[in-house]
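Since every read-out is calculated from the coordinates, none of them should be taken as a lab result. Worth saying up front: this structure is predicted, and the values here are computed from it rather than measured. With ideal geometry, Cβ positions are generated from the backbone for all residues, glycine too; neighbour counts draw on all protein chains shown.
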Amino acid sequence: MRPLLKTVPQALFATRPVHLLLMETTGEYCHLCESRLPDQARALNKRTGTDLEGIIAPEVWPQVLLTCEVCFKAQQLAALLQSPPASLLYPDEQLTFSVNKETSPFVYEKKPVTRYLLDEDNNAIGSPETVELVIVRGTTESARATINHFDLNSAWYAEADNTLRIPLQEHLSAADLRVHQRTEIWGLVDDYVKRYRQLLELNRDMAGIMLEHGRLLAAASGFWSVWATLLWEGTNDRAALSAVLLPRQANLAAAARAEGQATPHDVFPGTHPDVFR
Ligand SMILES: [Zn+2]
């Protein structure tokens with residue numbers, strides 16, 4: 001979960017609806033599942049579980065997150081069905097990702113998962129299949145509670161026995177594609193990192209061009225933590241990870257807009273720089 005420094009120039013509060021403020025200062029990604037956002041996005045009030053619209057007062061700003069429709073609905077359902085968890089992790093309050101797996105609250109791993117398709121009576125249809133999925137694992141109790149609250153591995157995944165038991169209708173409706181999208185981007189990044197390493201062996205002078213290409217690819221694909229995980233595993237290079245995934249200047253675009261200047265291009269605005277801790 002990409003950690004955020006969610007700051008906004010004061011002058012923008014009176015002129016921008018909350019969705020736009022969030023997108024301009026942190027990018028067009030769900031703060032929870034990290035998917036690239038389509039047109040509809042929610043400004044979730046973390047404290048009430050409701051969504052906000054329009055102009056908000058500056059004092060409400062620390063309470064809002066930008067989420068996709070699926071993450072928003074998951075937490076609504078969780079609030080109905082379960083008593084509220086004691087503590088959840090939020091990317092604008094805690095350092096929710098580190099390249100150091102020992103300290104990162106969330107760890108992303110590709111692994112074989114046993115998938116059962118279920119009929120209307122919840123009986124398995126045919127034999128189970130093994131599918132490769134990228135699963136997010138919580139390393140602390142709060143991280144695990146957060147994964148459950150927002151169903152970040154879908155409502156059908158059970159960590160205890162590493163199974164996905166999904167009703168056929170849900171499977172066909174593709175209503176929740178977050179894990180599959182995460183897995184798809186994992187493949188893309190894995191391929192990118194392999195090419196980057198091959199290029200380094202051939203010609204180190206080309207590294208900068210390849211990193212710039214990665215920066216654009218990452219901005220377009222989303223799933224920042226997948227990028228951070230694989231780039232770090234494949235290169236162990238802080239400079240490479242920073243070049244691809246960290247904004248060059250915090251809130252550059254938002255600051256420029258507040259002053260009425262042209263918007264400079266940057267990727268993953270608002271990302272917390274302390275991801276090497
Ligand atoms: Zn989401």
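For region 12-97, state the average projected area of the convex hull of the C-alpha atoms over all orientations, rounded to one decimal in nm².
Numbers: hull surface 23.3 nm².
Mean projected area for region 12-97: 5.8 nm², to one decimal.
Would you work out which of L246, H31, I166 lies farthest towards the positive end of the dipole of the chain? Charges go on Cβ: Lys and Arg +1, Asp and Glu -1.
L246
Can you compute the equivalent ellipsoid semi-axes for region 73-124, i.e. the square root of 5 times each eigenvalue of the Cα gyration tensor, sorted largest first and rounded to whole Å?
Details: eigenvalues 172, 91, 12 Å².
That gives 29, 21, 8 Å for the three semi-axes.
Counting other beta carbons within 10 Å of each Cβ, put F223, F150 in order, fewest first. Walk me through the numbers on the way to the answer.
Values: F223 27, F150 23.
Neighbour counts put them in this order, fewest first: F150, F223.
Average projected area of the Cα convex hull of region 102-180, in nm²?
Values: hull surface 21.9 nm².
Averaging across all directions leaves 5.5 nm² for the Cα convex hull.
At a Förster distance of 25 Å, what's the computed FRET efficiency of H213 paired with L77, Cβ-Cβ distance as r, to 0.05? Don't skip to the end; give the middle numbers.
On the way: r = 40 Å, r/R0 = 1.59.
E(calc), rounded to 0.05, equals 0.05.
Count charges around A228 for me, please; just the other residues with Cβ under 14 Å from its Cβ, Lys/Arg as +1, Asp/Glu as -1. Before the final figure, lay out the partial values.
On the way: positive: R2, K101, R182, R215, R238, R277; negative: E34, E109, D190, E233, D237, D274.
Counting the neighbours of A228, the net charge comes to 0.
Jot down the per residue volume, in cubic angstrom and as a whole number, of the convex hull over the alpha-carbon atoms of region 1-160.
139
When the dipole is taken about the Cα centre of region 53-156, and only Lys, Arg (+1) and Asp, Glu (-1) are charged at their Cβ, what size is it in debye, to the nearest 20? Before the final figure, lay out each step's value.
Working: 7 positive and 14 negative charges, 71 e Å.
So the magnitude is around 340 debye.
Given charges of +1 on the Cβ of Lys and Arg and -1 on the Cβ of Asp and Glu, with all other atoms neutral, how large is the dipole of region 10-258 about its Cα centre, in debye to the nearest 20? Mind dumping the intermediate values first?
On the way: 23 positive and 31 negative charges, 139 e Å.
The dipole magnitude comes to about 660 debye.
Extending each Cα 7 Å along its Cβ direction at L188 and A160, get the distance between those two points in nm, one decimal.
Once both label points are built, they end up 3.6 nm from each other.
Between D51 and Q198, what is the spin-label point distance in nm, taking each point 7 Å from the Cα along the Cα→C-beta axis?
4.3
Give me the net charge for the shell around R144: Cβ to Cβ below 13 angstrom, other residues only, Lys and Arg +1, Asp and Glu -1. Write out the running numbers ahead of the final one.
Numbers: positive: R137; negative: E141, D151, E159.
Here the count lands on -2.
Can you give the FRET efficiency to the nearest 0.05 for K101 and S127, using r as the Cβ-Cβ distance and R₀ = 35 Å? Walk me through the intermediate numbers first.
Values: r = 34 Å, r/R0 = 0.97.
Plugging the Cβ-Cβ distance into 1/(1 + (r/R0)^6) gives 0.55.
Which residue, chosen from V179, A11, T67, occupies the Cα position most advanced towards the positive end of the dipole of region 10-258, where the dipole is computed from +1 (Lys, Arg) and -1 (Asp, Glu) charges on Cβ about the Cα centre?
A11
Under 9 Å from the Cβ of L118, count the other residues' Cβ atoms, weight Lys and Arg +1, Asp and Glu -1, and hand me the total. Display every interim value, and only then the final one.
Values: positive: R165; negative: D119, E120, D121, E170.
For residues surrounding L118, the net value is -3.
Which shape class, rounded, prolate or oblate, goes with region 154-193 when its Cα gyration tensor gives a ≥ b ≥ c as root eigenvalues, a/c under 1.5 marks rounded, and past that a/b bigger than b/c marks prolate? Walk me through the numbers before you get to the answer.
Details: a/c = 3.60, a/b = 1.63, b/c = 2.20.
Oblate, since a/c reaches 1.5 and b/c is not below a/b.
State the percent of C-alpha pairs, over all pairs in region 109-230, separated by a distance greater than 25 angstrom. All intermediate terms of the calculation are to be shown ahead of the outcome.
Working: 2758 of 7381 pairs.
In whole percent, the share of Cα-Cα pairs in region 109-230 beyond 25 Å is 37.
Provide R248, R204 in ascending order of the number of other Cβ atoms located within 10 Å of each residue's Cβ, fewest first.
R204, R248
For the chain, report the convex hull volume of the alpha-carbon atoms normalised per residue, in Å³, without decimals. Before the final figure, lay out the partial values.
On the way: hull volume 38.1 nm³, N = 277.
Hull volume normalised by residue count: 138 Å³.
Please give the contour-minus-distance gain from K111 to R248: 0.36 nm per residue of separation, less the Cα-Cα distance, rounded to one decimal in nm. Mind showing how you got there, number by number?
Working: separation 137, 0.36 × 137 = 49.32 nm, distance 3.34 nm.
Gain on stretching K111 to R248: 46.0 nm.
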